[in-house]
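Student: Shown below is the structure under consideration.
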Amino acid sequence: METRRIKVFDTTLRDGEQTPGVSLQTEEKIEIALALAKLNVDVIEAGFPIASPGDFDAVSQIAQRVKGPTIAGLARANQKDIETAGQAVKHSDRPRIHTFIATSDIHLEHKLKMSRNEVLARAEEAVRYAKSLVPDVEFSAEDASRSDWDYLCQVYAGVIAAGANVINVPDTVGYTTPDEFGRLILYIRQHVPNIDQAVISVHCHDDLGMAVANSLAAIKNGAEQVECTINGLGERAGNASLEELVMALNTRKEYYQAGTDIDTRQIYRTSRLVSTLTGIVVPPNKAVVGDNAFAHESGIHQHGMLNNSLTYEIMRPETIGISRNALVLGKHSGRHAFEERLRHLGYELGPERINSLFVKFKDLADRKKMVFDRDIEALVAEKTIEKPE
Ligand code: KIV
Ligand code: ZN
């Protein structure tokens, strides 16, 4: 069986940060970027450098400090945005400029007030300029899924000729369906004459709850890069969730004949880290990383699990970094067990911080019989979200 390697483009720090109510400090972004590098994502979209001096600074520091993945900065299709993104990512060993412009008639008429020919020319010009700054350029046709397919193919052909290495097909408003999106990817492969010179990427939003299914349908039809976020964070209903996409490919490898290079054992701790730093709680019934994802309540299920866990589990918790025999802590637990638990949850803390957390933990354990992971995360978050006086 031949397995195609699908590249994972993580946009937690850009589209994910556009989640209503989320705003990360530079140090927090760096912590997340380091965790993403450990997870072994292929690309980290570190931010939108023109958006604010803080965003520029975060992208630029991540480009300098995070090694391994490609570091991308987002830019609209204009010279100032592209130049700023180029400045922000230039210290990365693998810098990428990701430039975009909308291609759907509704966006052209009501937002850009440009004709199709003008947008085509602007897209080509943007890619040409970006390519003069960095060797790796991605082009996104915003609202691609609601664009005219032939016009969309014309734009992709134009930007590939101008030097785009990656062409991204966003379902910006989460409107498409798996069957339709799969057909669109196939259509692009068949109607863009120079498509072999670029990687096809997809970027799906979850407005109808189909972001992961749409991305998988795209992979089935030849997409080679998926854009996603930890815990499915993102604008409105969010983006395709990284953990769900990766584990769908991992669990159904033979069906998709595709896989990623993600170190799945880092998934759980990365999810918890992002949840703690963004303040967006993971629902207990969330696929893969929710508290209940591996919990078995009914007697029949528990009986089956005792005989063979595969009766009711399609993936093992260990695969995503949860140890099955993880101890529940209580008032008799010592500092060592507490420190182990912190490390397991993804926190690398100094001895002083651990000591002060341990005192709080003991106090909590006196009042509460069992201390769960979420209680420990809450203890850590208490400090993380405290503002300096
Ligand atoms: O959803 C979208 O269209 C985007 C683009 C900038 C890729 O986030
Ligand atoms: Zn998006």
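Each reported figure results from applying straightforward, stated rules to the coordinates on display, with no laboratory input. Computed from a prediction, not measured in an experiment: that's the story for all the values here. No Cβ is skipped: glycine too gets one built from the backbone with ideal geometry, and neighbour counts run over all protein chains shown.
Student: Net charge near V169, counting Lys/Arg +1 and Asp/Glu -1 over other residues with Cβ under 13 Å of its Cβ?
Tutor: Its environment carries a net charge of -4.
Student: Can you list the aspartates and glutamates whose alpha carbon sits under 18 Å from that of K90, skipping same-chain ones fewer than 8 residues off?
Tutor: D42, E45, D55, D57, D81, D136, E138
Student: Please list, by residue number, every one of the GluC sites (Glu not before Pro) in the range 1-38 that is coil in DSSP and has at most 16 other beta-carbon atoms within 10 Å.
Tutor: Loop-located and lightly packed - E2.
Student: Could I ask something else about it? May I ask which of K38/K368; K7/K29; K29/K113 have a Cα-Cα span longer than 31 Å here?
Tutor: Pairs exceeding the cut-off: K38/K368; K29/K113.
Student: Are there trypsin sites (Lys or Arg not before Pro) in the range 39-85 that DSSP puts in a loop and that have at most 12 other Cβ atoms within 10 Å, and which ones?
Tutor: Qualifying residues, ordered by number: K67.
Student: Report, ordered by chain and residue number, the lysines lying within cross-link reach of K111, taken as a straight Cα distance under 30 Å and ignoring same-chain residues fewer than 8 apart.
Tutor: K80, K131
Student: Helix 178-191 versus the longest principal axis of the chain: what angle, 0 to 90°, nearest 10, using Cα atoms?
Tutor: For 178-191 against the chain, the angle is about 40 degrees.
Student: For K369, which lysines qualify as cross-link partners when the Cα separation must be under 22 Å and same-chain residues fewer than eight apart are set aside?
Tutor: K331, K360
Student: Which whole-number percent is the relative contact order of the chain (Cα, under 8 Å, 6+ apart)?
Tutor: Contact order relative to length: 15 percent.
Student: Which net charge results when you count Lys and Arg as +1 and Asp and Glu as -1 among the other residues whose beta-carbon is under 10 Å from that of N40?
Tutor: Here the count lands on -2.
Student: Something else now. What is the spin-label model distance, in nm, from R265 to A161 if the labels are put 7 Å beyond Cα along the C-beta direction?
Tutor: The answer from the label model is 5.0 nm.
Student: Kindly state, to the nearest 0.05, the FRET efficiency for T177 paired with I354, given R0 = 51 Å and r defined as their beta-carbon distance.
Tutor: 0.55
Student: Follow-up question, since we're still on this one. How much FRET efficiency would the formula 1/(1 + (r/R0)^6) give for N117 and Q64, where r is the Cβ-Cβ distance and R0 is 35 Å, rounded to 0.05?
Tutor: It comes out at approximately 0.30.
Student: Additional query: Starting from 0.36 nm per residue, how many nanometres of slack lie between K331 and T311 once their C-alpha separation is accounted for?
Tutor: 3.7 nm
Student: Could you compute the net charge surrounding R96? Neighbours are other residues with a C-beta less than 9 Å from the C-beta of R96; K and R count +1, D and E count -1.
Tutor: Result for the neighbourhood of R96: -2.
Student: Restricting attention to the range 229-298, which GluC sites (Glu not before Pro) occupy a DSSP loop and are surrounded by at most 14 other Cβ atoms within 10 Å?
Tutor: Those that pass, being in a loop and sparsely packed, are E297.
Student: Would you calculate, for the chain, the mean residue ellipticity at 222 nm contributed by helices, counting each DSSP H stretch of 4 or more residues as -39,500 (n - 2.57) and dividing by all residues, to the nearest 500?
Tutor: Value at 222 nm, helices only: -13500 deg cm²/dmol.
Student: How many angstrom separate the Cα center of the range 46-102 from the Cα center of the range 148-193?
Tutor: Centre-to-centre (Cα) distance: 24 Å.
Student: Let me ask something else about it. Which angle between 0 and 90 degrees, to the nearest 10, do you get for helix 116-133 versus the longest principal axis of the chain when only C-alpha atoms count?
Tutor: 60
Student: What angle do you read, to the nearest 10 degrees and between 0 and 90, between the alpha-carbon axis of helix 351-367 and the longest principal axis of the chain?
Tutor: Result, in degrees: 60.
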